[in-house]
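Bear in mind that the values in this text are calculations on the coordinates, not laboratory data. Keep in mind that this is a model prediction, so the values were computed, not measured. Neighbour counts are summed over all protein chains in view; Cβ atoms, including those assigned to glycine, are modelled from backbone coordinates with ideal geometry.
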Amino acid sequence: MSQYSGIAGRRVLITGATSGLGLAMAEALLGAGAKVAISGRDQLKIDRAVASVQSHPGECVGAFIDVRNERSIQAGVAGMVQRWGGIDILINNAGVGMRTVNPHFMTEPKPFWEVSASGFRDLMDTNLTGYFLVAKEVIPYFLKANQGRIINISVNDTTMRLKGFIPYGPSRAGTESLSRIMAQDVAGRDVTVNMLLPGGATETGMLPEEFRSDPALLEQWRVRVGAQILRPEVMAEPTLFLCSNEAKHVHDERIVAKDFQEWKAGWLERNRA
């Protein structure tokens with residue numbers, strides 16, 4: 001049972017939730033009784049993900065959403081609203097990694113001039129423009145209901161300036177700027193925008209399989225990025241918090257999941273009545 005209140009029954013859309021961080025966050029929320037729409041752009045993966053979480057007390061549905069395509073987003077959000085009568089929380093998580101532009105990015109980083117224009121555009125369209133398009137589609141529901149929460153998933157600062165990490169690094173740097181400005185745009189309303197990031201590389205599909213299964217290679221990667229390798233479940237508690245009654249007034253924050261307890265203690269101290 002979650003230590004946080006008000007999560008049961010909340011309607012949550014998580015983009016890119018068929019595996020990794022997205023699925024870990026979905027499982028945590030479903031365990032607390034939330035209604036979660038798991039979205040992705042591969043119907044088979046969506047179906048498998050939904051089937052894998054049926055034992056949790058919350059309600060889960062799949063939603064085919066290609067975050068690069070406005071019509072797909074409109075249809076996916078409309079289907080969720082039709083089913084549940086509205087939407088309370090958006091977790092922007094959909095993204096593709098460096099593997100899509102350089103399969104060997106961990107061992108053979110490429111300079112920016114060797115990155116294809118099409119690869120650059122596709123990654124930026126997914127990781128940055130996708131966040132904007134889904135939030136743009138959801139925000140009218142939030143403004144009409146005078147309530148809503150947006151959680152944008154980000155990454156460590158190191159990743160944004162790591163050698164050989166164009167276009168992934170710039171896409172996530174853009175995510176941070178987008179989040180900060182979105183937070184200012186909704187200021188004064190009962191709508192919040194926050195960022196959440198793991199705090200290190202995570203064992204997800206963005207890492208090549210050989211690295212995920214080889215501790216020595218994982219350690220080499222940890223040294224390169226200067227952070228520990230984390231499990232996706234590190235996102236569970238901060239996600240529950242951000243979706244709870246306790247986080248009603250949390251706004252324009254950048255929360256590192258692995259340091260969540262320290263952050264929460266500091267936030268409570270700063271906002272003590």
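In the chain, Cα pairs under 8 Å separated by at least six residues give a relative contact order of 19 percent. Assuming R0 = 30 Å, can you tell me the calculated FRET efficiency for the pair K45 and R272, based on Cβ-Cβ distance, to the nearest 0.05? The value I calculate is 0.10. Between R71 and H251, full extension at 0.36 nm per residue minus the direct alpha carbon distance yields a gain of 61.8 nm.
Once the C-beta distance of N146 and E114 is scaled by a Förster radius of 51 Å, the resulting FRET efficiency is 0.55 to the nearest 0.05. Max-minus-min Cα coordinates of the chain on each principal axis give 48, 44, 39 Å, with the largest extent listed first.
Helix 168-185 and the longest principal axis of the C-alpha atoms of the chain enclose an angle of approximately 20°. Specify the residue with the greatest mean-square fluctuation among P198, P103, P170, computed from a Gaussian network of the chain linking alpha-carbon atoms under 10 Å apart. In the Gaussian network model the winner is P103. Distance between the pseudo-spin-label points of T107 and A187 (7 Å out from Cα toward the beta carbon): 4.9 nm. Note on the chain: with a GNM built from Cα contacts shorter than 10 Å, the maximum mean-square fluctuation among S171, S39, S116 falls on S116. Modelled spin labels at R99 and Q54, positioned 7 Å past Cα toward Cβ, are 2.7 nm from each other. Per-residue ellipticity at 222 nm from helix content only, as computed over the chain with -39500 (n - 2.57) for each DSSP H run of at least four residues, stands at -12500 deg cm²/dmol.
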